[in-house]
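Step one of this worksheet: look at the structure below.
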Amino acid sequence: LTEVDCVFCAIVAGSSPASMLYGDEQVVAFLDIRPVNAGHLLVVPRVHAALLSELAPVIGGRLFQVGMALDQALRCSGVRCDDVNLYLADGAVAGQEVPHVHLHVVPRFRGDGFGLRLPAGYGRRPEREALEEIAGWIRRALGEVEDAR
Ligand code: AMP
Ligand code: ZN
């Protein structure tokens, strides 16, 4: 359940410091030490899982529920917060640096300089036929994932 050398497991265990915001049986939330904006926080499952595919779906559901509550809390907390991004990097190539699942909850305000960088050529619309082909691949894969659960 706990992974040695995992910084978030150490925080969950109480052996590494964190500015705690919330904790229940399944998840904890604490402030990010390198915030994009003040109030940037992380929601983290207590159990160690590197990827979402290794996490029980109910815990993933709880992760999002708590993220939603903290989104609302940030808006009336006094930190600068007009709107909020929820962000999750599932794997290293997707930008995950800490290999223990975590949901970022990031307060946003106009002109804060944060954003997603879009690839060259973004904005072009593929033919419906191309969308449908890809939709077919994903529907088939989803069926297999659901069957395996
Ligand atoms: P990611 O790139 O999605 O894996 O994000 C990892 C996040 O964890 C970064 O925003 C880090 O600033 C944050 N982080 C790393 N170590 C700690 C720590 N000990 N306490 C709080 N946040 C941390
Ligand atoms: Zn861990």
I'd like to know if segment 46-58 contains one or more residues that are open to solvent by 70 Å² or more (accessible area, probe 1.4 Å), more than 16 Å from ligand 2 (Cβ to nearest atom) and either in a loop (DSSP other than H, G, I, E, B) or modelled with pLDDT of 95 or more (or both). yes
Residue in segment 1-22 that is farthest from ligand 2 (Cβ to nearest atom), counting only those that are under 30 Å from ASP112 (Cα atoms), open to solvent by less than 50 Å² (accessible area, probe 1.4 Å) and outside any loop (DSSP other than H, G, I, E, B): ILE11
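Out of ASP90, ASP112, ASP71, ASP82, I need the residue that is among the acidic types (Asp, Glu), open to solvent by 80 Å² or more (accessible area, probe 1.4 Å) and at negative phi. Which one? Walk me through how you get there before you give the answer.
Values: ASP90 fails: open to solvent by 80 Å² or more (accessible area, probe 1.4 Å); ASP112 fails: open to solvent by 80 Å² or more (accessible area, probe 1.4 Å); ASP71 fails: open to solvent by 80 Å² or more (accessible area, probe 1.4 Å).
Of ASP90, ASP112, ASP71, ASP82, the one residue that is among the acidic types (Asp, Glu), open to solvent by 80 Å² or more (accessible area, probe 1.4 Å) and at negative phi is ASP82.
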Would it be correct to say that CYS76 is farther than 26 Å from GLY14 by Cβ, surrounded by 18 or more Cβ atoms within 10 Å (Cβ to Cβ) and not aromatic (Phe, Trp, Tyr)? no
Take the residues in segment 23-34 that are surrounded by fewer than 14 Cβ atoms within 10 Å (Cβ to Cβ) and of a type in the set (Asp, Glu), then tell me which one is nearest to ligand 1 (Cβ to nearest atom). ASP24
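With respect to VAL84, is the statement that it is touching a strand residue (DSSP E or B) at 6+ places or on another chain (Cβ under 9 Å) and either within 13 Å of ligand 1 (Cβ to nearest atom) or in a strand (DSSP E or B) (or both) true? Before you say what the answer is, go through the steps one by one.
On the way: touching a strand residue (DSSP E or B) at 6+ places or on another chain (Cβ under 9 Å): yes; either within 13 Å of ligand 1 (Cβ to nearest atom) or in a strand (DSSP E or B) (or both): yes.
Here the answer is yes, as VAL84 does meet what is asked.
The values are calculated or read from the model by the stated rules, or taken from the named source; none is laboratory data. None of these values were measured; they are calculated from a predicted model. FYI the Cβ positions are ideal-geometry reconstructions off the backbone, even for glycines, and counts take in every protein chain you see. Areas reflect the complete protein model, heavy atoms only, side chains present, ligands, DNA and RNA absent. Shrake-Rupley method; radii C 1.70, N 1.55, O 1.52, S 1.80 Å.
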